[in-house]
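The values are calculated or read from the model by the stated rules, or taken from the named source; none is laboratory data. Just so you know, these numbers come straight off a predicted model, no measurement behind them. Cβ coordinates were reconstructed from backbone atoms using ideal geometry, including for glycine residues, and neighbour counts include every protein chain displayed.
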Amino acid sequence: MKKIAVLIAAGFILTACGNSSEEATDKSNVVESDVKKNHVEANKEIEVSIQAEPTILEDNKVMISGETNIPDGGQLMFTLNGPEYTAQMKAVIDNGVFKTDVFSDHGEGLPAGKYTLEVSLSIASTQDENFVKKVGKEYEYLNGSFMDEGDLGKTMNYETSFSVEETEQVSEEVTVVDTEIDTISDSQTLTLESLQGIFDDYSAEDDELVSLNMDGNTIRAVLKLAPNPYLDSADLAPTRFSQLTDELLDHEG
């Protein structure tokens, strides 16, 4: 009788252990299912939108800026093609916006003409790890009309065009003639060297003194004026003339 009681007790213990194991397996499956569900929800598909606008600066250099719903941290590649001109530049998305550095032609403005701008996503293997987690190793969470399958896998392609107009070089050649220096006496003389110093002091940094000569009390000079951001050429020439004339008339010796 005791043996039967022991066997029955052992059976209850085995049954209890078996039920605990099944419950643990069920809970593990539930947790795994929840993790997969959360992973899918954290990587919802994104219908990509992007808008890029060129800003043509006064010197015909160009900067690109815009906005997109592609997650922050993504690196974009900008390719600019124009008349005898091709350049590439990268920029990173930050708070849904992006901005490139300035496109130039060896430090100068871009040649006049029509330009095509292409914007693409750098390949996933070169992107930041946190960004890749959001969009997928093969950009599988990015979709829409801007997404294409290429030779290197899925990527984004955006294209727009714009024109760069010819700019006029603002420079003015001014001749200062027949300016008599009435204050000069026989004992007080101006030399060409001292005149050169006066023109250097009262001219803008980028003005060019083309020629300078002196005949008695008459000074003749040709001065090429550099562009001025505050005065147009019509006002700049008489202003510079007046400054130089006042200084020469007040100069003693």
Notebook entry, point to check: Is it the case that Glu118 is of a type outside the set (S, T, N, Q) and outside any strand (DSSP E or B)?
Noted result: no
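Inside the stretch 118-133, can you point out the residues that are of a type outside the set (Val, Ile, Thr) and under 14 Å from Met156 (Cβ atoms)?
Taking the stretch 118-133 and keeping what is of a type outside the set (Val, Ile, Thr), we get 118, 120-122, 124-125, 127-131, 133.
Listed by number, the residues that qualify are Glu118, Ser120, Leu121, Ser122, Ala124, Gln127, Phe131.
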Next item on the list: Would you point out which residue out of Lys90, Lys44, Lys61 is surrounded by 14 or more Cβ atoms within 10 Å (Cβ to Cβ) and basic (Lys, Arg)?
Entry: Lys61
Notebook entry, point to check: Out of all the residues in the stretch 165-173, is one or more at pLDDT below 95 and under 22 Å from Ala52 (Cβ atoms)?
Noted result: yes
Next item on the list: Give the residue that is nearest to Thr160 (Cα to Cα), with candidates limited to residues of the stretch 90-112 that are part of a strand (DSSP E or B) and at pLDDT below 95.
Entry: Asp105
Item checked: Members of the stretch 101-135 found to be surrounded by fewer than 15 Cβ atoms within 10 Å (Cβ to Cβ) and of a type in the set (Gly, Ala, Ser), listed by number -> Gly107, Ala112, Gly113, Ser125
Next item on the list: Under 6 Å between Cβ atoms, at least 6 apart or on separate chains: pull out the pairs that start in the stretch 119-146 with a residue that is without any contact (Cβ under 8 Å) to a residue 60 or more places away in the chain and end on any residue that is of a type in the set (D, E, K, R).
Entry: Ala124/Lys137; Glu138/Lys154; Tyr139/Lys154
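Determine which member of the set Thr189, Thr155 is over 17 Å from the mean Cα position of the chain (by Cα), modelled with pLDDT under 70 and not hydrophobic (A, V, I, L, M, F, W, C).
Thr189 is the lone residue from the list that is over 17 Å from the mean Cα position of the chain (by Cα), modelled with pLDDT under 70 and not hydrophobic (A, V, I, L, M, F, W, C).
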